[in-house]
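Notes follow once the structure below has been shown.
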Amino acid sequence: MSVSEQILLQLTPLPFPFRKELMVKLNFEKMNGLIPVIAQDFESGEVLMLAFMNQEAWDKTLETGRACYYSRSRNKLWLKGEQSGHVQNVKEIYVDCDEDTLILKVEQVGGAACHTGYKSCFYRKLNGELKIIGEKIFDPEKVYK
């Protein structure tokens, strides 16, 4: 299978067990229309990244079963993996007590969530000095052309 076919397969919508009309109404007002979202590896529990969603990104995530966020730097929706193919298939959703923060338990396709090429955006540890503890999965210069 070619790389193009693999990416197309990864971007094909998956069946998703959550119906939008049955979902809780999240509080997007506290942070000017955004809520923080923690993406966590479904199997290991490792924290992969922190991102934000607006209402549109939330709706798109529920519709497709794939993590969609709001990019604050680009001011637009951001389907995780749209350029790299490293999509996040949502397996479970947890809502906090104030209904203004989410945890998405995801299957991370391609092995890396971080745009720098690491599995997790939290690949550095502060222990007197900032030390890289994660393994680089891909070279971002080759992926983001």
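Details
- Scanning region 45-67 for residues that are touching a strand residue (DSSP E or B) at 6+ places or on another chain (Cβ under 7 Å) and without any contact (Cβ under 8 Å) to a residue 60 or more places away in the chain turns up 51, 52, 53, 54, 56, 57, 60, 61, 65, 66, 67.
- Taking first residues from region 88-113 that are under 15 Å from residue 47 (Cα atoms) and partners that are part of a strand (DSSP E or B) and hydroxyl-bearing (Ser, Thr, Tyr), the Cβ contacts under 7 Å between residues at least 6 apart in sequence or on separate chains come to 102/94; 103/94; 112/118.
- Matching strands (runs of 3 or more DSSP E) fully within region 48-142 where at least 3 residues are among the aliphatic types (A, V, I, L, M) and under 15 Å from residue 38 (Cα atoms): 88-95, 102-108
- Flag for residue 143 being of a type in the set (A, V, I, L, M, F, W, C) and under 13 Å from the mean Cα position of the chain (by Cα): no
- Index of the failed condition, residue 61 passing every other in (1) among the β-branched types (Val, Ile, Thr); (2) in contact with a Leu (Cβ under 8 Å, 6 or more places away or on another chain); (3) surrounded by fewer than 18 Cβ atoms within 10 Å (Cβ to Cβ): (3)
- Scanning region 119-145 for residues that are among the hydrophobic types (A, V, I, L, M, F, W, C), free of Cβ contacts under 8 Å to residues at least 60 places away in the same chain, surrounded by 11 or more Cβ atoms within 10 Å (Cβ to Cβ) and out of contact with any strand residue (DSSP E or B) (no Cβ under 6 Å at 6 or more places or on another chain) yields 137, 138.
- Members of region 64-118 that are surrounded by fewer than 14 Cβ atoms within 10 Å (Cβ to Cβ) and basic (Lys, Arg): 72, 74, 76
- Filter pass, residue 34 being surrounded by 14 or more Cβ atoms within 10 Å (Cβ to Cβ) and modelled with pLDDT under 95: no
The values are calculated or read from the model by the stated rules, or taken from the named source; none is laboratory data. Source: prediction; values computed, not measured. Note: ideal-geometry Cβ built from the backbone for every residue, glycine included; neighbour counts use all protein chains shown.
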